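Just so it is clear, none of the values below were taken in a lab; they were calculated from the coordinates. The structure presented is a predicted model; accordingly, all values stated were derived computationally and were not measured. All Cβ positions, even for glycine, are placed from backbone atoms using ideal geometry, and neighbour counts span all protein chains on display.
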Ligand code: GUN
Ligand code: ZN
């Protein structure tokens, strides 16, 4: 149907297990019904399909669509609230804004800003922390469906230690989640994600209600926060005195599985890493948020050595932008600051973390790279002529070097095209 002509970079094999960057200059990608049916040298792909439309994306690079494995919809307008550690930032910055989502009209406006922000950044798939209000979550799903984004998300639930208007009961939380899942789970490119805010704000009964939703909604995901900040971890320890560690506060209720994604995990002990690995739980690494809130330097090497799957999350609004290119760069900075404890990251690692690793964390095997058989989720990074990124790309030594430049300098202004399942969103 359509042949895309571009310089294509992707990572079908994980660089953490020996894979390398796959780079093809003047590549042709043939797409039928949203799926890649052929790829290779443009001349060959074209000769096999002389009547197909050709979309010329030469200049810049074509990457797989970016995957944000942790981002908060109601926090768009509080991006950049700097100067506070996690619990102060939640109380004074994030949660007052989240309370405004009780106004469904307001939530609808923010949902549009949120989805637009993702697409402008080249994000094609996201695991989204929704709002505490079901009608606000409807606004998120409605907007994502209208635009065509792949989104997993759900109602954020809590029953203690937050401002009172954000609290609910386990019974109400279960009923609201089931009703939302009935409306949205499996519709278009949407899935439901069971979302207790964190075990600090959820009683055991609430965690049990979450487990019931997971049991009753086939294929739903689970997401929450873990081990982000010292004061948070101490509080959780006090609230769950008979639990082995923070990860156990989810595991006891059957919430950890290959369908689970926990954000942050900056301060895990070895037993927790072992549990996350053995349950197949993935971690969303959110380096700009961890830096902005002073949460700490993420121990990526320990995760990888233990076999814990890791994706990348922007964590907007503690994170400072929607761009997974910037997030990849920050991940690189953090590992280099860790010195001997860090895991040196190549450009291929950064691309993998921002694409295929996220797809895998979200249980999606149909996206993540641009191989034959995958859906055509792609982002065309094409800087303005004469921009600094354009200049350095022109002088790049090879594909790895060009990709390093994209992470160093690229951002939403350089995103010229975004496709999900072959549909052009931008
Ligand atoms: N822990 C609980 N809620 C949040 C949140 O909204 N952002 C971050 N970064 N951590 C959290
Ligand atoms: Zn978060």
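Brief remarks on what is shown
- Test: residue in the range 9-16 that is part of a helix (DSSP H, G or I), in contact with a helix residue (DSSP H, G or I) (Cβ under 9 Å, 6 or more places away or on another chain), closer than 27 Å to residue 310 by Cβ and more than 16 Å from ligand 1 (Cβ to nearest atom): yes
- Per the conditions (1) over 19 Å from residue 162 (Cβ atoms); (2) crowded, with 20+ Cβ neighbours inside 10 Å; (3) more than 16 Å from ligand 2 (Cβ to nearest atom), the sole criterion not satisfied by residue 230 is (2).
- Scanning the range 264-277 finds no residues that are part of a helix (DSSP H, G or I), within 15 Å of ligand 2 (Cβ to nearest atom) and on the phi < 0 side of the Ramachandran plot.
- Per-region count, the range 304-326, residues touching a residue at least 60 places away in the same chain (Cβ under 8 Å) and within 16 Å of ligand 2 (Cβ to nearest atom): 13
- The residues in the range 17-41 that are farther than 30 Å from residue 308 by Cβ and surrounded by fewer than 21 Cβ atoms within 10 Å (Cβ to Cβ) can be counted, and the count is 11.
- Listing of strands (runs of 3 or more DSSP E) fully contained in the range 55-166 that carry 2 or more residues being within 16 Å of ligand 2 (Cβ to nearest atom) and touching a helix residue (DSSP H, G or I) at 6+ places or on another chain (Cβ under 7 Å): 66-72, 123-129, 150-154
- Selection from the range 238-263 of residues that are within 28 Å of residue 316 (Cβ to Cβ), in contact (Cβ under 8 Å) with a residue 40 or more places away in the chain and within 16 Å of ligand 1 (Cβ to nearest atom): 239, 246, 249, 250, 255, 261, 263
- Among residues of the range 305-347 being part of a loop (DSSP other than H, G, I, E, B) and on the phi > 0 side of the Ramachandran plot, the one that is farthest from ligand 1 (Cβ to nearest atom) is 307.
- Boolean, residue 112 is free of Cβ contacts under 8 Å to residues at least 60 places away in the same chain and within 15 Å of the chain's Cα centre (by Cα): no
- Qualifying residue in the range 150-158 (condition: surrounded by fewer than 21 Cβ atoms within 10 Å (Cβ to Cβ) and either in contact with a strand residue (DSSP E or B) (Cβ under 7 Å, 6 or more places away or on another chain) or in contact (Cβ under 8 Å) with a residue 12 or more places away in the chain (or both)): no
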